[in-house]
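Participant: I have a structure I would like to understand better, so I am pasting it below and will then ask my questions one at a time.
The values are calculated or read from the model by the stated rules, or taken from the named source; none is laboratory data. Note that this is a predicted model, so its numbers are computed, not measured. Quick reminder, even Gly has a Cβ in these numbers, built from the backbone with ideal geometry, and neighbours come from all protein chains shown. Areas reflect the complete protein model, heavy atoms only, side chains present, ligands, DNA and RNA absent. Shrake-Rupley method; radii C 1.70, N 1.55, O 1.52, S 1.80 Å.
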Amino acid sequence: MAVRGAAASRRRLRRKVALVGFVVGLVLGAVLALLGGGGAGDAVLTGVLVGAIAAVIGYGVVALLPTSSHGPPGQH
């Protein structure tokens, strides 16, 4: 059975944002390294570094965001 609740939802969101940030950073870093004249090794290294930085930033931003009330004021 799946874990429910606000805390579990926030954990899933943090993981998802970190994963998406890593993948986007990996691709962006690799493309920038290749456009800068680097080889395949440079592209992989730069992609991993940029992806890791993007994942940490995304994880931190989601962790610092205030929780949502899931509806307009007056609904609860």
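Participant: Testing ARG11 on (1) assigned to a helix (DSSP H, G or I); (2) surrounded by 15 or more Cβ atoms within 10 Å (Cβ to Cβ), one condition comes back false. Which one is that?
Facilitator: Failing condition for ARG11: (2).
A quick yes/no check of all residues on (1) within 18 Å of the chain's Cα centre (by Cα); (2) under 29 Å from ARG12 (Cα atoms); (3) open to solvent by 90 Å² or more (accessible area, probe 1.4 Å); (4) modelled with pLDDT under 95:
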position: LEU28; (1), (2), (3), (4): yes, yes, yes, yes
position: ALA33; (1), (2), (3), (4): no, no, no, yes
position: GLY38; (1), (2), (3), (4): no, no, no, yes
position: ALA43; (1), (2), (3), (4): no, no, no, yes
position: THR46; (1), (2), (3), (4): yes, yes, no, yes
position: GLY58; (1), (2), (3), (4): yes, yes, no, yes
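Participant: Identify the residue in the range 14-26 that is open to solvent by less than 60 Å² (accessible area, probe 1.4 Å) and of a type outside the set (A, V, I, L, M, F, W, C) and, among all such residues, is farthest from LEU64 (Cα to Cα).
Facilitator: GLY25
Participant: What number goes with the only condition from (1) surrounded by 15 or more Cβ atoms within 10 Å (Cβ to Cβ); (2) under 28 Å from ALA6 (Cβ atoms); (3) more than 9 Å from the chain's Cα centre (by Cα); (4) not charged (D, E, K, R) that ALA63 does not pass?
Facilitator: Of (1) surrounded by 15 or more Cβ atoms within 10 Å (Cβ to Cβ); (2) under 28 Å from ALA6 (Cβ atoms); (3) more than 9 Å from the chain's Cα centre (by Cα); (4) not charged (D, E, K, R), only one is false for ALA63: (1).
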